[in-house]
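Asker: Handing you this structure, nothing more for now.
The values are calculated or read from the model by the stated rules, or taken from the named source; none is laboratory data. On a predicted model such as this, the values are computed, not experimentally measured, just so you know. Cβ coordinates were reconstructed from backbone atoms using ideal geometry, including for glycine residues, and neighbour counts include every protein chain displayed.
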Amino acid sequence: MDVPELRVTPAPDTTVRYAGASGDFNPIHLDDEFARSVGLPGRILHGLWTMAQVARAQTEAADGPEKLRRLSVQFRGLGLPGEEIVVTSTVRETADGRAVVNVEAVQEDRRLIRRAVAELDLDAA
Amino acid sequence: MPVKVDAAGKIYAPVTYAVGREKIREYARAVGETHPLHHDLEAARQAGHPDLVAPPMFAVVYTSAAIAGALFDPELEIDFAHLLHTGQEFVWGPLVVAGDEITTETEVKDVSERGGVAFYVFETRSTNERGELVCTGTWTNAVRGA
């Protein structure tokens, strides 16, 4: 069992599409001017979109949504559109068809998600 | 502003979300999920599912109204201008498919204050129309300047 590195560059419209899909229309994700007015460098990614990339790295490696049983993350640095995100996964243990994976998501020098832990059921169908 | 530490244990009225096929596709496209189970009805049926399968993180969608109801509870007096989503956990049960009706109950698990930061922890418990627990979510939020 190995979980490959996942690289993804959020497009300029990623936060708009995710807002529509998720229902989170907070203007810090959609409006550069508003975001700057509250001290942000510009509009920022939804943390739960970035968490979805951490989840996707696991389900793609295990080949199926049913394999992911648990995922916990801590949100830290601000994610920005247009810069590549690297999701790195390290399988910590495997036993009885279950795998525990440590994950982090980094953009440039910022750790967007740290100390993430995923639990996979490799036999789930 | 004092933190409403006595809110722990409060449970909100459950909210039901009807899972739609096109909503699954829309969500999957927005997060880059390309697995055929989320897009291709024939593939989903051949794999034994009655309809398209939601990605695990689709939990964000069917719990959205339930968690918003708790976050915007005036009794909690959460200062939204300084609210940060700092942690998230999901534990999944059976898969969610289009056509499911998912009912989510939200509970205030913990309200605390450490070093001028207020922490609000919510738990969502989502069940499908057969009463199976499909997802438990733990949502940790922090407010600076408490």
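Asker: Which residue, of B:ASP110, B:ASP100, is modelled with pLDDT of 95 or more, acidic (Asp, Glu) and under 22 Å from A:GLY20 (Cβ atoms)?
Answerer: The match here is B:ASP100.
Asker: Pull out all pairs, ordered by first then second residue, where Cβ-Cβ is under 7 Å, the residues are six or more apart or on different chains, the first lies in segment A:51-65 and is at the interface with another protein chain (Cβ under 7 Å from one of its Cβ atoms) and buried (at least 24 other Cβ atoms within 10 Å of the Cβ), and the second is of a type in the set (Ser, Thr, Tyr) and assigned to a helix (DSSP H, G or I).
Answerer: Listed pairs, sorted by first residue: A:PRO65/A:THR59.
Asker: Residue check, A:THR15 against (1) facing chain B (nearest Cβ under 9 Å); (2) part of a helix (DSSP H, G or I), all met but one. Which one?
Answerer: It fails just one condition, (1).
Asker: For the subset of segment B:128-144 comprising residues that are touching a residue at least 12 places away in the same chain (Cβ under 8 Å) and away from chain A (no Cβ under 13 Å), which member is farthest from B:THR104 (Cα to Cα)? Spell out the reasoning first.
Answerer: If we filter segment B:128-144 for residues that are touching a residue at least 12 places away in the same chain (Cβ under 8 Å), which is where we start, we get B:128-129, B:132-144.
Then keep just the ones that are away from chain A (no Cβ under 13 Å); that gives B:128-129, B:132, B:143.
On the way: B:ASN128: 9, B:GLU129: 11, B:GLU132: 12, B:VAL143: 25 Å.
Only one residue fits best here, namely B:VAL143.
Asker: Quick check on B:VAL96: is it closer than 20 Å to A:THR50 by Cα, within 14 Å of chain A (Cβ to nearest Cβ), surrounded by 20 or more Cβ atoms within 10 Å (Cβ to Cβ) and touching a helix residue (DSSP H, G or I) at 6+ places or on another chain (Cβ under 7 Å)? Before you say what the answer is, go through the steps one by one.
Answerer: Working: closer than 20 Å to A:THR50 by Cα: no; within 14 Å of chain A (Cβ to nearest Cβ): yes; surrounded by 20 or more Cβ atoms within 10 Å (Cβ to Cβ): yes; touching a helix residue (DSSP H, G or I) at 6+ places or on another chain (Cβ under 7 Å): yes.
Considered against the rule, which asks whether it is closer than 20 Å to A:THR50 by Cα, within 14 Å of chain A (Cβ to nearest Cβ), surrounded by 20 or more Cβ atoms within 10 Å (Cβ to Cβ) and touching a helix residue (DSSP H, G or I) at 6+ places or on another chain (Cβ under 7 Å), B:VAL96 comes out as no.
Asker: For the list (1) small (Gly, Ala, Ser); (2) outside any strand (DSSP E or B); (3) in contact (Cβ under 8 Å) with a residue 60 or more places away in the chain, I need the number of the one condition that A:ALA35 fails.
Answerer: (3)
Asker: Mind checking which pairs have a first residue in segment A:104-125 that is in a loop (DSSP other than H, G, I, E, B) and a second that is among the acidic types (Asp, Glu), Cβ under 9 Å, 6 or more apart or different chains?
Answerer: Qualifying pairs under 9 Å: A:GLU108/A:GLU83; A:GLU108/A:GLU84; A:ASP123/A:ASP96; A:ALA124/A:GLU66; A:ALA125/A:GLU66.
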